[in-house]
1. Where does each of B:84-92, A:65-73, A:191-199, A:21-29 land if you order them by average Cβ count within 10 Å, highest first?
2. Evaluate segment B:198-317: find the radius of gyration of its Cα atoms, find its Kirkwood radius, and give the ratio Rg to Rh.
3. Going by how many other Cβ atoms sit within 10 Å of their own, how do B:37, B:98 line up, fewest first?
4. So for A:144, A:184, B:21, B:214, fewest C-beta neighbours within 10 Å to most, what's the order?
5. Over the whole of B:109-116, what's the average partner chain Cβ count within 10 Å per residue? Rounded to a whole number, please.
6. Only bridges whose two residues both fall in the protein assembly as shown count here: according to DSSP, what percent of them are antiparallel, nearest 5?
7. What value, in deg cm²/dmol to 500, does the helix sum -39500 (n - 2.57) over DSSP H runs of n ≥ 4 give at 222 nm once divided by the residues of chain B?
8. Under the definition of Cα pairs under 8 Å and six or more residues apart, what whole-number percent is the relative contact order of chain B?
């Protein structure tokens, strides 16, 4: 089985988000970038397939050379080979187009993307890749087993879950639950050393096109002061929620 | 160049989100001086949403189970046939599933997590959307003539007239779906985080899963859904589906009540879109108080039972 895990570099979840003074772009100064958490759940499952059932695991990232450290980390976790499409990931359409070309070139059996990246939250890249490549697609995937070319998956739905069956080739949108948080791999020294020499191919893209444009950004308005209520006076809370906030 | 809106149904009637979605589509169409058209699948009373110019109603028993390929291809066809400039979809798990697929099939762009009507920026039509899991907003424009708008829940409200729309049936050929649903599990009768007006959430401050009856009882009085912080789901006290935050579910309710949650930045991002936040925590230094509208500094084990009793009285009086 040949697996591609698509990886996005995103600000660490503890980051405070700021925009440049002209409000035109995200201010990356002082921001630590990590593997998008949804992608990391997917990567861990891919490495599990490699170890348990035998698979070759590739990773692909769209981005400039600054994303290479997180790609090396993914290789240290257990991926075999990396591909970096050398262009800024301006929108989901451009990213999906670049990744679809990679999928078509290597004919993967399984493509794993995070359900969404935690920066622009588009939730569109896996569905776009599946459609561009003619693969089946399962989103918000919290369980995946593969037997031959048959895949059984669990999908989280609003208020419950579904069990789905399909066949490879398949794209999934991974999220927490696909593997447990405690099963995420921290690269060991051997992994880190071997990642240094694993192949990381740089692809120069052509004819990629973004379909959307972020014209400006802003931060949420600052919050007004909290109204504290004495724990002996819970009636006051109910009164405020009823009459002032009008939510009861 | 009309506005098409996909209004989701459940058990042959409209889902709650459909009313907000229709309201947004009507307002968008009016801004563009055009018509708003609803698209409805397997709904016995499609006329029950006022103010739309037209409703296209599709009835087909084999569409009772949602499968993404079929639904995406159906919506793509309807989007093309209607000649609409915009297709508005909700932020439900099903609509998020098919958003990208419809965009690819119909050759349109897709702007998700939209929270307002478009504004003119530098001569372009820009939609305000949340980014960085509610830590920021972007104003995004489409470079394509046709665009899918994913509307965030609880961002626009319901503003509908009672003018009944004309309903037209649409016939269609269905393709096979390569993905089949073999089992579906839902907690019947329980409010879900996706749909509820109120969410009651708790963290490690509750000390253990055996104390969750406090959360469930409070949720029951309020008709609320239950949720939890990340550590609680990581510890296995509650299922992952209840985890609220940056790597879990976003919550955009009218009222969010947080019990024993300190308020890590990742959690606050996930619940930021909620309108009113109440925090109950015994630590007055908990960062959550800075993000809250109302707070009680106190022990959850004494405050919550009292709150439940007093709310029961309030509900009985205001029934």
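1. Ranked by mean Cβ neighbours within 10 Å, highest first: B:84-92, A:65-73, A:191-199, A:21-29.
2. Here the Rg-to-Rh quotient is 0.93.
3. Working: B:37 23, B:98 27.
Neighbour counts put them in this order, fewest first: B:37, B:98.
4. The order, fewest Cβ neighbours first, is A:184, B:214, A:144, B:21.
5. Numbers: counts 8, 10, 7, 8, 5, 0, 0, 0.
Mean inter-chain Cβ contacts per residue within 10 Å come to 5.
6. On the way: 42 of 116 bridges.
If I count the DSSP bridges inside the protein assembly as shown, around 35 percent turn out antiparallel.
7. -8500 deg cm²/dmol
8. In percent, rounded to a whole number, it is 14.
Any read-out appearing in this document is the output of simple, stated calculations on the displayed coordinates, not a laboratory observation. Here the structure is a predicted model, which is why all the values come from computation and not from measurement. All Cβ positions, even for glycine, are placed from backbone atoms using ideal geometry, and neighbour counts span all protein chains on display.
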